[in-house]
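Below: the structure, in structure tokens.
The values are calculated or read from the model by the stated rules, or taken from the named source; none is laboratory data. What you are looking at is a predicted structure, and each value in this text was computed from that prediction instead of being measured. Every residue, glycine among them, receives a Cβ derived from its backbone with ideal geometry; neighbour counts consider all protein chains shown.
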Amino acid sequence: MAEMTKEERVVCALSREEPDRVPLYDLVDNSEIIQHYAGEKLTLENAHDVIPRALNRVLDTTRVWMPHAPGRRVDDRGFAHERGDWWNEWQVSTPFHNMVELIAFVKDEIERLEAWQPTDTDAELKDALIWKERFGEVVIPASTAGEALSDAYILVGLDQFVYLESEAPDLVDRWLKALHARTMRRLQAQTRCREVSPIAWVFDDMAYKGRLMFSPRYLRAHRVFQNIAEICDMYHSYGLKVIFHSDGDIAPVVPDLIAAGVDALAPIDTPVNTKVALRSQLGSITGTPSRPAPATATAPPISQPAGNPARVARSPPAAEMAIVSIVRGSTCRHGCGGSLTTPHPALAALDPPSPSRGEGAQEPKHHGNRGLAVWIPSPLEGEGGEQRRVRGCSAAVER
């Protein structure tokens, strides 16, 4: 097979076809790794050039993530944020301190959201094209979008969101609709985003490490998958592949995400348990099915999103719920920031090594014409690579 460009490789994998090699994705916030591949010291002043140069030498796709100086800031809505290092910022206070103030804040938010109209689409496109040029062949997102439920609870805090919905459910419903409507107006204005790249990301943190944060019934009742479907439809109309992000174990709602039109998951945050669960729900995810799966090998029924009759509820055959493995580096959660780690040893039992590539290699496999591309942890390691410790975490570097 002829060598592909990075964009061709990523699109091929996201289309559930076999590329020339497995594409590599990561979101890198480890200065030592960046400096190693850039060949020069990283500073706040040169980050816009050094980080793209480093990642262009090792990754196929990434997201634009730049460091900023530590400090404290208050945004235009009164939320205070503190940054203790270059990469991590925390919301430390809110403009409301009781339920009455929170309700007043949300009412103001709804008015602001309903009045908002896109005005700087040309400037946004120009900025995105500048980043595209900086990153060279590395594929960056053409667009990103958040889903309304996570946008809401992350803003005010999960505990306050739960109390608010108990006190004022109709207000929360109006807020979520206003958030989604604003997102759709923004995306409708991004008609030229395909000039940046062929991929988009949708963010919706809905799970803990071991379980969902909200039940599937709750997520469906709050139109989460309907909202994701409308976002996916918009992105697909622009010719983009959609990568869905949620931390945690989202296995119970993967069928809903497939029905919504998601093309890929990133990451599989609990790789072994989630992969086993996906196998149980969707059938085998290794090897190419030679014929349709038997009628008994089906995923749980997918509920039809309310108000979207074009998406018919059904239980697709397991052979249609295809999954392709794409390599990604795993982000460290221990505070050192973004080093790259090896996969759990138990993954070897799920994906046998390819005899042609040696022990531990992972092959992309074509599984049919429908389903998701699943991104699983793997070391950032090229020919002659070795593992070494960087600030307490495992990182791959060239020998």
TODO: Tell me which of these residue 246 doesn't satisfy, since it passes every other one: (1) farther than 25 Å from residue 116 by Cβ; (2) touching a helix residue (DSSP H, G or I) at 6+ places or on another chain (Cβ under 9 Å); (3) hydroxyl-bearing (Ser, Thr, Tyr); (4) surrounded by fewer than 21 Cβ atoms within 10 Å (Cβ to Cβ).
DONE: (4)
Open item on the list: On the basis of being modelled with pLDDT of 95 or more, more than 21 Å from the chain's Cα centre (by Cα) and among the acidic types (Asp, Glu), does residue 167 make the cut?
Closed with: yes
Open item on the list: I'd like the full set of residues that are of a type in the set (Ser, Thr, Tyr), assigned to a helix (DSSP H, G or I) and touching a residue at least 60 places away in the same chain (Cβ under 8 Å), limited to the range 189-243.
Closed with: 235
Open item on the list: Which of the numbered conditions does residue 50 fail, given that it passes all the others? Conditions: (1) in a helix (DSSP H, G or I); (2) within 22 Å of the chain's Cα centre (by Cα); (3) without any contact (Cβ under 8 Å) to a residue 24 or more places away in the chain.
Closed with: (2)
Task: residue 81 being closer than 30 Å to residue 163 by Cβ and surrounded by 13 or more Cβ atoms within 10 Å (Cβ to Cβ) - done: yes
Open item on the list: Looking only at residues that are under 30 Å from residue 112 (Cβ atoms), acidic (Asp, Glu) and assigned to a loop (DSSP other than H, G, I, E, B) in the range 53-87, which one is nearest to the chain's Cα centre (by Cα)?
Closed with: 75
- [ ] Please verify whether the range 248-265 includes one or more residues that are among the charged types (D, E, K, R) and free of Cβ contacts under 8 Å to residues at least 40 places away in the same chain.
- [x] no
Task: Cross-chain or 6+ apart pairs with Cβ under 6 Å, the range 128-149 first and among the acidic types (Asp, Glu), then surrounded by fewer than 23 Cβ atoms within 10 Å (Cβ to Cβ) - done: 137/6
- [ ] Being under 23 Å from residue 203 (Cβ atoms) and buried (at least 19 other Cβ atoms within 10 Å of the Cβ) narrows it down to one of 34, 51, so name that one.
- [x] 51
Open item on the list: Just to be sure I understand, how many residues within the range 31-47 are out of contact with any Leu (no Cβ under 8 Å at 6 or more places or on another chain) and either part of a loop (DSSP other than H, G, I, E, B) or in contact (Cβ under 8 Å) with a residue 40 or more places away in the chain (or both)?
Closed with: 10
Open item on the list: Can you list residue pairs whose Cβ atoms sit under 9 Å apart, with the first residue in the range 94-122 being farther than 13 Å from residue 175 by Cβ and the second being among the hydroxyl-bearing types (Ser, Thr, Tyr) and modelled with pLDDT of 95 or more? Count only pairs 6 or more apart in sequence or on different chains.
Closed with: 99/163; 101/94; 121/191
